[in-house]
1. Quick one: which of 259, 270, 247 is away from the ligand (no atom under 11 Å from the Cβ) and under 20 Å from residue 173 (Cβ atoms)?
2. Residues in the stretch 213-244 that are more than 12 Å from the chain's Cα centre (by Cα), within 11 Å of the ligand (Cβ to nearest atom) and among the hydrophobic types (A, V, I, L, M, F, W, C): how many?
3. Out of all the residues in the stretch 404-414, is one or more surrounded by 15 or more Cβ atoms within 10 Å (Cβ to Cβ) and free of Cβ contacts under 8 Å to residues at least 60 places away in the same chain?
4. Inspect all residues belonging to the stretch 340-347 and state whether any of them is β-branched (Val, Ile, Thr) and within 16 Å of the ligand (Cβ to nearest atom).
5. Identify the residue in the stretch 28-78 that is under 56 Å from the mean Cα position of the chain (by Cα) and of a type in the set (D, E, K, R) and, among all such residues, is farthest from residue 12 (Cα to Cα).
6. Does any residue in the stretch 187-206 that is more than 10 Å from the ligand (Cβ to nearest atom) and at pLDDT 95 or above come within less than 7 Å, Cβ to Cβ, of a residue that is among the hydroxyl-bearing types (Ser, Thr, Tyr) and open to solvent by 30 Å² or more (accessible area, probe 1.4 Å) six or more places away or on a different chain, and which pairs are these?
7. Of the residues 317, 293, 297, 287, which single one is within 14 Å of the ligand (Cβ to nearest atom) and farther than 19 Å from residue 129 by Cα?
8. Quick check: is even one residue across the stretch 176-184 part of a helix (DSSP H, G or I), open to solvent by 40 Å² or more (accessible area, probe 1.4 Å), under 20 Å from residue 309 (Cα atoms) and at pLDDT below 95?
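The values are calculated or read from the model by the stated rules, or taken from the named source; none is laboratory data. Bear in mind that the values here come from a model prediction, so they are computed numbers and not experimental data. Note that we place each Cβ from the backbone using ideal geometry, even for glycine, and neighbour counts take in every protein chain shown. Areas reflect the complete protein model, heavy atoms only, side chains present, ligands, DNA and RNA absent. Shrake-Rupley method; radii C 1.70, N 1.55, O 1.52, S 1.80 Å.
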Amino acid sequence: MGQLRGERPGRAGATRRIYLDLREQISAGVYAAGDRLPSSRALADELGVSRTTVTAAVDQLVSEGYVTSHQGAASRVSDMARSKPEHPRPAGHGPERPLSGYAGRVMALPIHYPERQQALEFDFRYGDIAAADFPTLLWRRAMNAALLRRRDSLSYAPPAGVAALRQELQGYLWRVRGIRCDPDQIVVVSGSQQALDLSARVLVDCGDPVVIENPCYAMARNVMAAAGADITAVRCDDAGILVEDLPRQGKSALAYVTPSHQFPLGGVLPQNRRELLLAWAYAEGAYIVEDDYDGEYRYDVKPIPPLFQSDQDRVIYVGTVSKTLSPALRLGYLVVPRPLIDVFVKCKQLADRHSPSLEQEALAILLATGSYERHVRKMRRSNAERRAALIAALTSCFGETIEIVGTSAGLHVVVWFRAIAAEHEARLVDVARAGGIGIYPVSPLYFDRKPALAGLILGYASLKPEQLRRGIETLALALKDFAASSQDGAAVEHGVRPGR
Ligand SMILES: Cc1ncc(COP(=O)(O)O)c(C=O)c1O
């Protein structure tokens with residue numbers, strides 16, 4: 001409760017105390033309905049406060065209906081105080097009625113918020129990018145300009161996104177990713193995550209078959225599981241999803257894939273598999289959700305155009321600025337087949353009306369001035385250096401005891417320990433953590449058919465090359481005795497592809 005009616009700030013404590021005491025006494029039956037309250041003068045004398053303080057407390061009780069008061073008559077406890085309905089107190093801390101099926105499924109999922117570990121000197125957490133890489137000055141200028149532009153109309157924006165941004169994104173996607181679409185097909189969303197969530201809402205009913213990759217981006221898998229999808233996780237090898245394993249049941253709703261850079265193994269899906277994947281989608285009547293989360297980062301491979309470019313009827317394209325600017329902006333975009341535009345826009349409007357429009361305007365300005373593409377080129381150069389430093393350090397410190405995969409694109413690599421069995425993965429992480437190094441295991445990203453070997457995803461975009469070198473040297477030291485202490489690792493099958 002805030003300040004009471006009629007009270008001055010200095011009296012707030014005394015008034016509140018008197019109000020609470022009287023209310024409790026009324027609720028506990030010390031005063032029955034119809035009883036007179038002591039006069040304000042009597043209460044003030046008894047409690048050693050001014051009459052105004054007492055009157056403010058009684059006025060509050062009157063306004064809440066506990067007490068009635070008429071001009072010139074004594075204040076009396078009202079009937080309402082007695083007729084307050086009795087209801088059983090909840091036994092525990094849980095919800096008071098059964099939750100929706102959706103909520104039940106969500107609560108059954110392993111959804112974690114990864115807390116930042118302050119004590120870690122070197123954190124190889126994938127998904128992070130360096131704060132120092134953020135173009136603060138450019139962004140501040142663009143935000144100022146956006147604010148000036150919209151000063152007269154800080155009202156709701158279109159649910160599909162600010163027109164200027166959709167127009168700029170159309171040009172960008174054409175120039176950089178070879179995608180030719182209409183601005184109308186672009187829906188600006190709050191990060192890829194919302195794109196995935198909307199795709200599930202639009203296309204998946206409870207029990208519908210859905211294909212994901214194995215291993216898979218956990219947040220995509222969780223979205224599909226929360227929607228109640230009947231999930232088939234299809235194995236991936238070093239080049240991505242194994243299309244021959246796709247289920248052929250004639251009724252799949254969608255397949256979630258990362259063809260530009262399989263998450264987490266890093267494969268770039270070859271053209272023939274892309275064609276087979278599309279043929280599968282047609283045979284199944286399924287849509288393909290193409291997550292192009294880090295398509296801007298490729299190092300020694302030629303870019304393959306996104307699937308969306310080959311087929312605009314079956315493919316839903318998802319992009320984000322989380323890897324180029326910052327995940328904190330929560331800005332992403334969908335490019336959808338024309339017949340799905342209306343439903344996606346309406347679902348987006350129901351979800352949150354629209355994504356923050358000033359940030360959308362600012363991004364549109366960065367795109368229009370060419371600053372965004374210059375920034376991306378700079379980021380690509382910095383990340384290429386980081387990647388080279390990481391690979392060199394891993395090779396020099398671990399040599400033949402590891403296999404590094406997924407190096408040709410993206411912002412992370414996967415490292416398989418040839419002589420450490422997967423069952424030791426958690427201990428590996430603990431030992432590293434004790435040495436101040438954050439490393440992240442691969443096996444939780446497998447839906448089933450877990451790998452035999454211990455594997456790590458090492459993100460490199462948030463550390464400097466020197467930190468990467470020192471981090472890997474420290475890791476090698478921390479793990480010096482590890483392989484020896486997990487001797488059964490020697491019995492692990494080597495070179496099993498895929499699944500390791
Ligand atoms: C596979 C994949 N997709 C998408 C994203 C980005 O998600 P968002 O745009 O919601 O920040 C990530 C981030 O790590 C990712 O790994």
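1. On the way: 270 fails: under 20 Å from residue 173 (Cβ atoms); 247 fails: under 20 Å from residue 173 (Cβ atoms).
Of 259, 270, 247, the one residue that is away from the ligand (no atom under 11 Å from the Cβ) and under 20 Å from residue 173 (Cβ atoms) is 259.
2. In the first step, residues of the stretch 213-244 are kept if they are more than 12 Å from the chain's Cα centre (by Cα); the result is 213-216, 221, 224-244.
Narrowing the set further to residues that are within 11 Å of the ligand (Cβ to nearest atom) leaves 213, 215-216, 221.
Filter once more, keeping what is among the hydrophobic types (A, V, I, L, M, F, W, C): 216.
Matching residues across the stretch 213-244 total 1.
3. Narrowing the stretch 404-414 to residues surrounded by 15 or more Cβ atoms within 10 Å (Cβ to Cβ): 404-414.
Now narrow it down to the ones that are free of Cβ contacts under 8 Å to residues at least 60 places away in the same chain: 404.
Checking the stretch 404-414: at least one residue is surrounded by 15 or more Cβ atoms within 10 Å (Cβ to Cβ) and free of Cβ contacts under 8 Å to residues at least 60 places away in the same chain.
4. no
5. 76
6. Partner pairs satisfying both residue conditions: 203/287.
7. Numbers: 293 fails: farther than 19 Å from residue 129 by Cα; 297 fails: farther than 19 Å from residue 129 by Cα; 287 fails: within 14 Å of the ligand (Cβ to nearest atom).
Criteria check complete, one pass: 317.
8. Let us first name the residues in the stretch 176-184 that are part of a helix (DSSP H, G or I), namely 176-177, 183-184.
Now restrict to residues that are open to solvent by 40 Å² or more (accessible area, probe 1.4 Å): 176, 184.
This time we only want the ones that are under 20 Å from residue 309 (Cα atoms), so: 176, 184.
Of the ones still in play, those that are also at pLDDT below 95 are 176.
Yes, the stretch 176-184 contains at least one residue that is part of a helix (DSSP H, G or I), open to solvent by 40 Å² or more (accessible area, probe 1.4 Å), under 20 Å from residue 309 (Cα atoms) and at pLDDT below 95.
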